[in-house]
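To keep things clear, I will list the structure first and then write my remarks on it.
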Amino acid sequence: MNDLRDRIEHIVRQVVMETVERSADSWLPAPFVGGRRPLIVANWKMNLLAADVQKYLAGLAPQIESGPEVAICPPLVLLPVLRAALGKHSQVALGAQDLHPFPFGAHTGEHNGAMIVDAGADYVIVGHSERRAAGEQDELVGRKLQAALAAGLRPIVCVGEQLDERENGTTLKVLRNQLSIALAGLASPLPDPADLVVAYEPVWAIGTGRTATAAQAQEIVAFIRERLGELLSFAWAARVRILYGGSVTVDNAESLAARPDVDGFLIGGASLDPDKFSKIIARAARVKSLDYNREVER
Ligand code: PEP
């Protein structure tokens, strides 16, 4: 039943999008709506050292404070280093890349939500495809999401299909499952919509240089928003930020950010270069009609 519905929905969206695409630039600019302040997140993964932090921050455009919300998710050991070093970029939020679902106990090498808060983070990524590749399943992603919220962290829940799933037409089915299992524990009262972020990260686009087209990103992000609405509340879903992630670059940032449901990015590779990261933020800010000094685009 859902399969048929997904197919019909996909076709309807494609027809609508093709009509919109034909009138060039009709989607530019896309001021942010629904109180969803755009969010750009850097995922440093397992890169950089404490000695790199000052240089990185010095390389960020000073104006990043006035545009989208910006968060950096470094390796966990660098969180206190970044927190201490942020200085003039004090509005930049920090995040961890994972957390353990239990609040304490015999879990050698793991970190709970309270420790991550203590280290200076506001956000935490859960369900990243690189952790799913190491065996993490949707049910565990859901428990981590609950643990993050309980600790006062804002989870960034990653979902996305594999290449073979896109090619065999099961993308929407995969996402429907990922969302319904990961969000199953969310009940009334729902968290403040600003406290939960979803990142659509097609696995075939992560670190591959193969980006989803802006139309593909918009289709899936809109689909995710509707599923959040069906599962929880449409009014709430309209205020939840949904990011796109997967080989975002300075060149493709503008067209992706111009899509009305794309509220920002989760960025791996390009976030390691502060100049590229600043330019991506600037481009997203411009299409979302945010006040951001264009000098960054020199
Ligand atoms: C990621 O790691 O979440 C990611 C999107 O990486 P990249 O930007 O390198 O594709």
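The values are calculated or read from the model by the stated rules, or taken from the named source; none is laboratory data. These figures come from a predicted structure and were not determined experimentally. Glycine also receives a Cβ, built like all others from the backbone with ideal geometry; neighbour counts cover every protein chain displayed. When the accessible area is computed, the model is the full protein with side chains, heavy atoms only, and any ligands, DNA or RNA have been set aside. Shrake-Rupley method; radii C 1.70, N 1.55, O 1.52, S 1.80 Å.
In sequence order, segment 134-142 has phi-based couplings of 8, x, 6, 10, 4, 4, 5, 4, x Hz under the Karplus curve 6.51 cos²θ - 1.76 cosθ + 1.60, θ = phi - 60°, and Gly or Pro positions carry x. Close amide H partners of residue 160, meaning residues 5 or more places away or on another chain with modelled amide H under 5 Å apart, are 201.
Mind checking the full-extension length gain between residue 180 and residue 133? Use 0.36 nm per residue of separation minus the Cα-Cα distance, one decimal, nm. Spell out each step's value before the answer.
Values: separation 47, 0.36 × 47 = 16.92 nm, distance 1.96 nm.
Difference between extended and current length: 15.0 nm.
Scanning residues 5 or more positions from residue 268 or on other chains, those with amide H under 5 Å from its amide H are 43, 246, 247, 248, with H placed 1.01 Å from N in the peptide plane. Remark: the residue 163-residue 235 segment gains 22.7 nm on full extension, using 0.36 nm per residue and subtracting the alpha carbon distance. Using the Cα gyration tensor of segment 30-284, with a ≥ b ≥ c the square roots of its eigenvalues, what is the shape: rounded (a/c below 1.5), prolate (a/b larger than b/c) or oblate (neither)? Taking the square roots of the gyration eigenvalues as a ≥ b ≥ c, segment 30-284 is rounded.
With all protein chains kept in place, the per residue accessible area of the chain amounts to 44 square angstrom at a probe of 1.4 angstrom. Placing R0 at 35 angstrom, the Cβ-Cβ distance between residue 58 and residue 4 gives a FRET efficiency of 0.05 after rounding to 0.05.
Shown for segment 30-284: the carbon plus sulfur share of the solvent-accessible area, taken with all protein chains present and a 1.4 angstrom probe, equals 55%.
Per DSSP H run of n ≥ 4, the term is -39500 (n - 2.57); total these for the chain, divide by its residue number, and report the mean residue ellipticity at 222 nm rounded to 500 deg cm²/dmol. Each step should come with its number before you reach the end.
Details: 12 runs with 122 residues, N = 298.
Value at 222 nm, helices only: -12000 deg cm²/dmol.
GNM, the chain, Cα, under 10 Å: largest mean-square fluctuation among 169, 95, 268? It is 169.
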